[in-house]
Amino acid sequence: MPRLILLSMLMLLPKLTLAQEVGDIVFVTAREYPLIKDVDNKFPVKTLIRGSMLRIDAVEEMWFKTSWDGFSLWISRQHVALPDEAIEYFTQAIEENPTAQDHDIRGWIYNSQRKYDLAMADFNQAILLDPKYAMAFSRRGALNYDLKLYRTAIADFRKAFELDRGFVQAIHNCGLVYDEIGEYEDAIEMYSRAIELNPDFALAYSNRGFTWERQGEIEKAIADYSQAIELEPEHKLALVNRAYAYRLTGRYQESIQDYEAAILAAPASFAPYSALALMYAACPDDEIRDGEKAVNLGLKAC
């Protein structure tokens, strides 16, 4: 009987238009785990949760390819919706049965559209409905960060972590805010705590490396960038930052190798082209400096 009731509720919700285009941003609308296939082994897996934001990388009939938490996978297109349709979907769900989760998800979608007042209202309502709902505090923290309300953002991220001690992203994001306001020791502490909780958290290593670099601790920065790259060999941000750190220490060939790896990892990004062009244009080493290469790379950056 509960299953029949659930199906009847689903039938009342808006019919969703299937997202079609590569590059579309979509949100998971499935009440339970959506139908997912692993890219390599093609078996069903349960990794995504309702409200997850995804980008379509490829389309194949009723499936599309996306990335989540460092992994590529295929998800059934019937379980996702474009932002405006997702808002309609969750609005009707809220009207039928308001929950903290649905307010939080709708707020997250509004935030992605920069409708900050609506997003804040939903996050506040989610917290009012469930004061122990860690995700709502974390997402409100992200919104406060966007609004440059940094101390409020820190309080929200800390509250999210207090409610859920396994919420690694919340404590990591707290580090981002400390970094933004120049409180580097606190940022290092937050990133380190995130790494202790998840030693495979490549982004935490990369961001801690950047903070070390800001403090002039270049070798520590290189060590963290290297760890991030070991975990994710195509981590563009870590590759570009390590390349710059190598350049600062006179290791020009290693710097060039990292810039080239970053270009391979993200050929559509202009930053690695621009940085490598500058390397060839202004390198103190006469054997490396090459004006023609600099110009060609600069054109690709445009």
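Structural remarks
- Annotation: Ile263 fulfils all but one of (1) touching a residue at least 24 places away in the same chain (Cβ under 8 Å); (2) over 17 Å from the mean Cα position of the chain (by Cα); the unmet one is (1).
- Residue among Phe64, Phe123, Phe27, Phe137 that alone is modelled with pLDDT of 80 or more and in contact with a Pro (Cβ under 8 Å, 6 or more places away or on another chain): Phe27
- Residue check: His79 meets all listed conditions (1) of a type outside the set (Asp, Glu); (2) at pLDDT below 90; (3) surrounded by fewer than 19 Cβ atoms within 10 Å (Cβ to Cβ); (4) in contact with a Ser or Thr (Cβ under 7 Å, 6 or more places away or on another chain) but one, namely (3).
- The set of residues from segment 91-106 being closer than 13 Å to Ala126 by Cα, over 17 Å from the mean Cα position of the chain (by Cα) and assigned to a helix (DSSP H, G or I) comprises Ile94, Ala100, Gln101, Asp102, His103, Asp104, Arg106.
- Checklist (1) out of contact with any Lys or Arg (no Cβ under 7 Å at 6 or more places or on another chain); (2) at pLDDT 95 or above applied to Trp212, failing item: (1)
- Scanning segment 272-296 for residues that are among the hydrophobic types (A, V, I, L, M, F, W, C) and at pLDDT 90 or above gives Ala275, Leu276, Ala277, Leu278, Met279, Ala281, Ala282, Cys283, Ile288, Val295.
- Segment 176-235 - residue that is within 24 Å of Tyr150 (Cα to Cα) and basic (Lys, Arg) and, of those, surrounded by the most Cβ atoms within 10 Å (Cβ to Cβ): Arg208
- Enumeration of residues in segment 205-238 that are basic (Lys, Arg) and within 19 Å of Ser72 (Cβ to Cβ): Lys236
- Evaluated against (1) touching a residue at least 24 places away in the same chain (Cβ under 8 Å); (2) within 27 Å of Tyr184 (Cβ to Cβ); (3) touching a Leu at 6+ places or on another chain (Cβ under 7 Å), Tyr273 falls short on exactly one condition, (2).
- Any hit, segment 248-257, residues being assigned by TED's automatic domain parsing to the domain that holds Glu185, crowded, with 18+ Cβ neighbours inside 10 Å and touching a Ser or Thr at 6+ places or on another chain (Cβ under 8 Å): no
- Test for Ala243: is it farther than 29 Å from Gly175 by Cβ and either assigned by TED's automatic domain parsing to the domain that holds Ile171 or at pLDDT below 95 (or both): no
- A count restricted to segment 53-86 and to residues that are without any contact (Cβ under 8 Å) to a residue 24 or more places away in the chain, within 22 Å of Ile109 (Cβ to Cβ) and not in a strand (DSSP E or B) stands at 2.
- Selected residue (criterion: surrounded by the most Cβ atoms within 10 Å (Cβ to Cβ)) from residues of segment 129-154 that are in a helix (DSSP H, G or I) and free of Cβ contacts under 8 Å to residues at least 12 places away in the same chain: Thr152
- Residues (of a type in the set (S, T, N, Q) and buried (at least 19 other Cβ atoms within 10 Å of the Cβ)) located in segment 104-124: Asn111
The values are calculated or read from the model by the stated rules, or taken from the named source; none is laboratory data. In this text the structure is predicted, and so the values were computed from the model without any measurement. Counting neighbours? That spans all protein chains shown, and the Cβs are built from the backbone with ideal geometry, glycine included.
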